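K.L.:
Below: one structure in structure tokens.
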Amino acid sequence: MYEYMNGIIAATEPGYVVLDVNGIGYRLLMGNPYAYTPGQKAKIWVQHIIRDNDQALYGFESEEAKRTFNQLLTVTGIGPKSALAILANTDTNGLGQAVSSGDVSYLTKFPGIGKKTAQQIILDLKGKLALTAQPAPAKAPDVAPELADALAALVALGYQEKAVNKLADKLAASGETTTDGYLRRGLQLLS
């Protein structure tokens, strides 16, 4: 239905961006919405998912990320939210390496991915993934707004709020100053 959209980022929120395309605001669920800033012109690759009682548009920074998302959706036990959380990881090369080497422990670090699902990912996608690195996110509670936004994005990706809040002090001391930087560092620490 949709391949991509060109427009201007109207807003970035934990878990999604609003892309203004000729006066229409599209809410695009994303793994790392803070890779974009309001007012920025952007081309975002889009996947429209329709379920029994839900419709959503998922956005990606590249066509390759969209392809990988769709490949992950073919795996039994993987839904859009889990696939997005996997893609949000900074080191997407790690996903390809984990699948090709059969590394179950790497895959079980993602929210909602247990041992059986990790084994199913390996079985279904071995030899099919060709990934390049893609950015990731991070977040914090009562701190700088950038850190708070990053923490909210991690929770929106499916990470436990308790685990995310434990990262707040580490992220605050990391030397990062942007939401995107905090988000990337937080994903690294959670993985």
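K.L.:
Leaving ligands, DNA and RNA out of it, work out the accessible area of Lys166 with a 1.4 Å probe and give it in Å² to the nearest 10.
P.N.:
Surface open to solvent at Lys166 totals about 140 Å².
K.L.:
What percent do you get for the relative contact order of the chain when only Cα pairs under 8 Å and 6+ apart count?
P.N.:
Here the relative contact order equals 19 percent.
K.L.:
Keeping all protein chains in position, work out how much accessible area Asp20 exposes to a 1.4 Å probe, and write it in Å² to the nearest 10.
P.N.:
60 Å²
K.L.:
Apply the Karplus parameterisation 6.51 cos²θ - 1.76 cosθ + 1.60, with θ equal to phi minus 60°, to every residue of the range 12-20 and state each ³J(HN,Hα) to the nearest whole Hz, in sequence, with x for glycine and proline.
P.N.:
Each residue of the range 12-20 in turn: 10, 10, x, x, 7, 10, 10, 9, 8 Hz.
K.L.:
Turning to a different aspect of this structure: Taking a 1.4 Å probe, which of Glu61, Glu161 shows the most accessible area, and what order do the others take after it?
P.N.:
Glu161, Glu61
K.L.:
Which value, in Å², gives the accessible area per residue of the range 23-79 when a 1.4 Å probe is used on the protein heavy atoms?
P.N.:
50 Å²
K.L.:
Can you compute the modelled spin-label distance between Gln188 and Ala144, with each label point 7 Å from Cα toward Cβ, in nm?
P.N.:
Rounded to a tenth, the inter-label distance reads 1.5 nm.
K.L.:
Determine ³J(HN,Hα), in whole Hz, for all residues of the range 110-121 in sequence, where each value follows from phi through the Karplus function 6.51 cos²θ - 1.76 cosθ + 1.60 and θ = phi - 60°; x replaces Gly and Pro.
P.N.:
Taking θ as phi minus 60°, the curve returns 7, x, x, 10, x, 4, 5, 5, 4, 5, 5, 4 Hz for the range 110-121.
K.L.:
Accessible area, 1.4 Å probe, largest first: how do Leu190, Leu147 sort? Display every interim value, and only then the final one.
P.N.:
Working: Leu190 35, Leu147 5 Å².
Largest accessible area first, the list is Leu190, Leu147.
K.L.:
Antiparallel as a % of all DSSP beta bridges within the range 1-64, to the nearest 5?
P.N.:
Of all bridge pairs located within the range 1-64, approximately 90 percent are antiparallel.
K.L.:
Got a number for carbon plus sulfur as a percent of the chain's accessible area, 1.4 Å probe?
P.N.:
Of the solvent-accessible surface of the chain, carbon and sulfur hold 47 percent.
K.L.:
Something else about it: Which part of the range 104-120 falls in the paramagnetic zone of Ala163, meaning amide N under 17 Å from the point 7 Å along Cα-to-beta-carbon?
P.N.:
Residues 104-119 qualify, since their backbone N sits under 17 Å from the label point.
K.L.:
Let me ask something additional. Pull out the extension gain between Asn70 and Leu123, defined as 0.36 nm times the separation in residues minus the alpha carbon to alpha carbon distance; nm, one decimal.
P.N.:
Between Asn70 and Leu123, full extension yields an extra 17.5 nm.
The values are calculated or read from the model by the stated rules, or taken from the named source; none is laboratory data. Everything quoted here is computed from the prediction, not taken from an experiment. With ideal geometry, Cβ positions are generated from the backbone for all residues, glycine too; neighbour counts draw on all protein chains shown. Areas reflect the complete protein model, heavy atoms only, side chains present, ligands, DNA and RNA absent. Shrake-Rupley method; radii C 1.70, N 1.55, O 1.52, S 1.80 Å.
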